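First comes the structure, then the notes that go with it.
The values are calculated or read from the model by the stated rules, or taken from the named source; none is laboratory data. If you're wondering where the values come from, they're calculated on a predicted model, not measured in any experiment. Because the Cβ atoms are built from the backbone with ideal geometry, glycine has one as well, and the counts that use them run over all protein chains shown.
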Amino acid sequence: MKKEKNVNIEILRIVSMIMILILHFFYHGNILNEMPKKINLLCVSTISVEVLCIVAVNIFILISGYFLCKSKFDINKIIKLYGEIFVYSLIIGFILLLTNKIELNIKNLIYIFFPFITQRYWFFNAYILLILLFPFLNVLINNISKEKFKLLLIILFIINSILPIGINNSVSLNSANYLYWFLNLYLMGSYIRINKINFKKNCFVYGYIAINVLYIIISIIVFKIGGVSKLMYILKYNLPFAYISSVLLFLIVLNTDFKVNDKIKKIIMFFSSSTFAVYIIHENPFVRNLLWNEMLNTSKFYFKYGYIYMIVVLLIIYICCTLIDKIMKCIYQKIKLNSVIVSKINNKFI
């Protein structure tokens, strides 16, 4: 019997993917680089939105930890994820080759056929490795006391979030996007699932507001003093403000009662089930520059029309990527991966 989806989590998936689109809009669209140092309303609001959205990647891994800590290893999940990346890489690559948007050479063909080995998607690479390791993490999670688990999280917080502060080019800070930081988040998501937090939701809300107001103020000051380079230095997934804010937002959503009817629920599920595809399509390295700078000319129109332009553009991107994914899934349903080898690998972990 198919498990009922958690509406709260599915809403959070959609919100987090929209946040990622906003981050890419600002970063790949050169909004931050071209933003004048003069502090005005647009500057303050842009930095504020950037700060609020920086939690998005952390949220996705917290969700994974929350669910996978009670799951069994399934090699089909990895095959499906890699299959999506591979198929989209081929389709997008060959469309761009045929339209002369990229050159036909050995280097580009290697990128198209080997997206994992060539590390074209840093998030995907780290996430796949996390999926391979989660059965072993679950052994630890299921055999550790609550107090030791809490102590482990505190130690990891100190190592991964506190120690990197102020250390330029520190290993911890620069590697925050990769596997070991995802392990940290996975454990936190698992802890939240296994050990229910007994605070009232208002405590999480007040804490979330307070920490983000402080984060925004610090970010504006840093931008004014050191410009974009220093601003990006403090906007890291693993630093305390972003990490704590991620956890608080996750807890807020888990403890919120979203009352939605069946029609709204279907719409939520329709879009949430395609969040990974939205990431794969719009963040394809060949598409990235073409999308944000050549097609959309993001910075020019953002500084002219502001958030109206951003909202319209991001909604179109999200909806188009989702519709493409629905078409692809109709095709995927006709392909089944039930090989003997896959079954044997699964049995080793179950």
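Data for the structure
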| read-out | value |
| --- | --- |
| Selection count, segment 29-38, where residues are crowded, with 17+ Cβ neighbours inside 10 Å and part of a helix (DSSP H, G or I) | 2 |
| When residues of segment 39-67 are limited to those that are in a loop (DSSP other than H, G, I, E, B) and touching a helix residue (DSSP H, G or I) at 6+ places or on another chain (Cβ under 9 Å), the one nearest to V222 (Cα to Cα) | I39 |
| Long-range neighbours under 7 Å by Cβ, at least six apart or interchain, first residue farther than 15 Å from C53 by Cβ within segment 224-251, second polar (S, T, N, Q) and surrounded by fewer than 21 Cβ atoms within 10 Å (Cβ to Cβ) | V228/N33; N238/S172 |
| Residue check for I311: modelled with pLDDT of 90 or more and under 26 Å from I209 (Cα atoms) | yes |
| Unique residue being at pLDDT below 90 and assigned to a helix (DSSP H, G or I) when the list is N76, N100, N138 | N76 |
| Unique match (being over 16 Å from I59 (Cβ atoms), within 19 Å of the chain's Cα centre (by Cα) and modelled with pLDDT under 90) among I234, I281 | I234 |
| Out of S219, S161, S175, sole residue that is hydroxyl-bearing (S, T, Y), more than 25 Å from I63 (Cβ to Cβ) and either modelled with pLDDT of 90 or more or surrounded by 15 or more Cβ atoms within 10 Å (Cβ to Cβ) (or both) | S219 |
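Residue-by-condition table, conditions (1) closer than 16 Å to I197 by Cα; (2) touching a helix residue (DSSP H, G or I) at 6+ places or on another chain (Cβ under 8 Å):
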| site | (1), (2) |
| --- | --- |
| V213 | no, no |
| F223 | no, yes |
| S229 | no, no |
| M232 | no, yes |
| L239 | no, yes |
| I244 | yes, yes |
| V247 | yes, yes |
| L251 | yes, yes |
